[in-house]
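Undergrad: Right, I'll just put the structure down here and ask away after.
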């Protein structure tokens, strides 16, 4: 069985739900990892995604959720850094 055959045999909802779950976990986790991001990139580059369901439902949801997760992560870090400055904790590199 080839990777292409396997990808086409699995329901898109199952594939993209698991990829989204893994990507969000990587974005929000404390340990920097990008395996799921690489896997998603590989799938999009290798298997020309022609499935209308994937193009109109799954990809927009996945990309929107990823964008929102990154936005929230950046905003939380920005607030955390601002809060540290207000309580007198020096920023990295400052003493």
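Undergrad: Which one of the conditions (1) surrounded by 13 or more Cβ atoms within 10 Å (Cβ to Cβ); (2) touching a residue at least 24 places away in the same chain (Cβ under 8 Å) does residue 37 fail to meet, given that it meets all the rest?
TA: Every listed condition holds for residue 37 apart from (2).
Undergrad: State whether one or more residues within region 17-32 are modelled with pLDDT of 85 or more and not in a helix (DSSP H, G or I).
TA: Checked against the condition, which is being modelled with pLDDT of 85 or more and not in a helix (DSSP H, G or I), region 17-32 yields at least one hit.
Undergrad: If you take the residues of region 1-27 that are closer than 17 Å to residue 63 by Cβ and over 9 Å from the mean Cα position of the chain (by Cα), which of them is surrounded by the most Cβ atoms within 10 Å (Cβ to Cβ)?
TA: Within region 1-27, the match that is surrounded by the most Cβ atoms within 10 Å (Cβ to Cβ) is 16.
The values are calculated or read from the model by the stated rules, or taken from the named source; none is laboratory data. Note that the coordinates shown come from a computational prediction; the quantities given were computed from them, not determined experimentally. Here Cβ is always computed from backbone atoms with ideal geometry, including for glycine, and neighbour counts include all displayed protein chains.
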